[in-house]
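Working notes, structure below.
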Amino acid sequence: MVYNPLMKLWTSMMSGVCAAGTGSFLDSVANKLGVKVEEVSDKVNYGSDTEFSSVCAVLSATSINKFKNRVPIGDLLAGACKAQARTILNSVGQLLLNAPGRKILFQGGVAFNKAVAFFLGKLTGSEIIIPQYHEVMGALGAAVIAKQLDELGPDVELAKVEYEPTRGKSVLLRIKATKHDFFSKDTSKPLVWRNLFFPTEILNAFDCRIRTLETYAALFARKADFVKEALGNAAQKGYDQQTCSFLRMLEGMKLEKPDFVVSTSQPCQQAERVFEDLVNEYDCPDRLYSLQTPIKRQSAHAVEMMAEGLSEAIFLMEKSFGRKLELGRLEEACVLSNEAAALGRKCNELRWTSPPLVKGSEAIYNAVVFSQLWGTKDLVDIQQAYYEELLQKKEWAEKRYSIDDTHRLLWLHLPPFYDTKHLTYLESVCNAPIIFEETNFIGWSPLDPKDPLRSLATKLLESGFLDPALRVEYVKKAIPAAKFNGVVLYTHGFGRCSLADRSLSKLLRNELDKMGVPLLALEGDCMDASIDPCSTITKIASFTEALNMKRYGNIFGRVGKR
Ligand code: SF4
């Protein structure tokens with residue numbers, strides 16, 4: 001935990017993926033070496049240069065055991081304590097990014113071990129302070145919280161955030177479109193596999209059946225047995241948890257053979273490799289086209305190069321489908337895309353400038369930026385219906401709340417698809433509404449129907465997902481515009497996903513620190529519930545308690561009277 005004076009709140013970061021870095025590591029090492037854990041720091045050779053891996057508590061303890069008869073016990077214990085200190089920093093050190101040389105309070109049971117404190121001090125360059133009652137600080141803290149709750153009085157009631165209850169027409173239209181799109185068996189139309197980023201306006205102008213593979217995989221996320229089986233099949237093909245779970249699903253499930261496949265070289269190399277593997281497996285290696293996409297929109301000729309690439313993709317699809325693309329249809333698709341985008345921006349403007357209108361734990365699955373309906377009348381109808389619903393919800397909400405009454409969170413990247421328990425906990429239990437989601441952000445300029453390929457190339461570059469710096473720019477602009485008081489980044493794949501990797505979270509944390517806006521980076525996986533860290537609920541609770549302390553002067557929330 002670090003107190004951020006600019007934010008006037010405690011920011012925190014917590015490991016939670018495994019036991020590495022916790023007291024159980026030292027317990028198992030001491031046990032293996034036949035030393036009482038409380039005597040470890042007295043036996044450590046503080047000058048030793050012995051080092052041990054700190055990746056896995058169990059394996060490290062086993063590897064230390066191997067050296068038992070060859071390395072002096074003081075050196076082994078020094079190596080273990082150093083590994084402990086290093087693991088602590090590897091898992092939560094990010095938070096010290098902007099706090100070099102600050103005094104650090106070291107508490108809890110492990111703080112009994114003066115050697116770990118010594119090596120923590122060496123690694124951080126900070127003074128490590130061990131408070132008098134370090135081993136019971138948590139218990140003391142719980143007592144203080146109970147006292148604070150008692151001081152709020154006997155008839156205290158925490159105000160809940162409520163939403164206008166009607167389930168609008170737009171939800172039904174989305175479900176109908178999704179069913180039609182992903183499960184239609186109309187084989188009279190060519191089937192095109194696509195990644196999340198290749199422009200759908202072209203494919204809809206071609207009147208194809210589109211299968212956005214990552215979205216298609218996500219549609220099965222709530223079928224736990226199906227997911228387990230698919231991930232199991234993928235593992236047998238050599239795709240373990242190092243590979244994105246969306247891609248493992250695609251490797252593990254049966255797909256309909258495509259007539260053509262389109263993707264983009266950025267932002268995900270993993271996806272490129274798996275798409276390549278899948279077209280070989282489905283015996284259509286000559287039907288894959290990957291649009292070369294630079295990251296930076298400013299890079300010279302970026303738009304020209306991509307427009308040429310789109311033209312080449314169209315040529316190859318015409319050859320594969322045996323028919324020409326009607327330019328009039330592409331023009332029309334750009335007009336419809338602009339209409340839907342304009343309505344989408346109005347929807348976002350409403351949500352940014354109103355009290356909570358819809359639950360983010362529902363709206364996040366709209367993910368309009370990744371929709372394969374861009375270029376269709378369906379999306380225009382959905383956005384129109386959604387806009388009208390939001391107007392009604394605004395009227396209802398403004399009778400109950402002002403925009404400053406509640407927390408206002410921005411959710412970045414994708415959510416877990418297998419359930420909404422963490423989003424629901426955040427919104428309904430912690431009363432911290434997700435006001436907006438990055439997957440619904442429409443940041444690109446209107447298309448020019450007379451110059452479709454260049455403007456579709458520009459749309460892709462301006463969508464933000466290719467360039468982490470541009471995404472962070474969009475977040476920085478959105479924060480004052482929508483009064484966001486906190487940002488949540490869901491790091492799908494524990495940082496292995498290029499859309500939520502450590503470079504992005506570092507850049508984001510740096511910029512948000514300067515703005516005084518706290519970031520909650522939630523490790524997790526969008527598809528694979530089996531690798532969900534056990535600490536997510538605690539992280540969410542501590543984040544919202546810090547926000548409550550700042551906004552309402554107590555950690556519990558907005559206090560109402562019974
Ligand atoms: S790693 Fe990230 S960007 Fe790549 S396919 Fe998975 S979710 Fe998409």
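Read-outs: derived from the displayed coordinates by stated rules, not from any lab. Bear in mind that the values here come from a model prediction, so they are computed numbers and not experimental data. Neighbour counts run over all protein chains shown; Cβ positions are idealised from the backbone, glycine included.
Quick notes on this structure:
- Each of Gln292 and Glu304 was given a label point 7 Å from its Cα along the Cα-to-Cβ line. The distance between the two points is 1.4 nm.
- At most 10 other Cβ within 10 Å, DSSP loop - trypsin sites (Lys or Arg not before Pro), region 152-229: Arg167, Lys185
- Short-range pairs are left out: with C-alpha atoms under 8 Å and at least six residues apart, the relative contact order of the chain is 16 percent.
- The convex hull built on the alpha-carbon positions of region 409-558 has an orientation-averaged projected area of 9.8 nm².
- Computed extension gain for Ile130 through Glu272, at 0.36 nm per residue and net of the alpha carbon distance, reaches 46.1 nm.
- Extension reserve of the Arg167-Glu473 stretch, reckoned as 0.36 nm per residue once the Cα distance is removed: 106.8 nm
- As a ratio to 2.2 N^0.38 Å, the alpha-carbon radius of gyration for the chain is 1.08.
- Label-reachable residues, region 251-267, where backbone N falls under 14 Å from a point 7 Å from Gln236's Cα toward its Cβ: 251-254
- In this label model, Phe220 and Lys324 are separated by 4.0 nm, measuring between points 7 Å along each Cα→Cβ vector.
- Per-peptide average of other Cβ atoms within 10 Å, ordering 364-377, 346-359, 316-329 highest first: 364-377, 346-359, 316-329
- Cross-link pairs Lys254/Lys377; Lys82/Lys550; Lys122/Lys550; Lys68/Lys506; Lys459/Lys506; Lys176/Lys459 - those with Cα-Cα distance over 29 Å: Lys254/Lys377; Lys82/Lys550; Lys122/Lys550; Lys68/Lys506
- For Leu489, the residues whose amide H sits under 5 Å from its own are Leu412, Leu520, Ala521, Leu522, ignoring neighbours fewer than 5 places away on the same chain, with H placed 1.01 Å from N.
- Packing rank of 74-87, 499-512, 39-52, where each peptide gets the mean count of other beta carbons within 10 Å, highest leading: 74-87, 499-512, 39-52
- Qualifying trypsin sites (Lys or Arg not before Pro) in region 386-427, where qualification requires a DSSP coil assignment and no more than 11 other C-beta atoms within 10 Å, comprise Lys399.
- If the chain linking Lys189 and Ala143 were pulled fully straight, counting 0.36 nm for each residue of separation and taking away their Cα-Cα distance, it would gain 9.9 nm.
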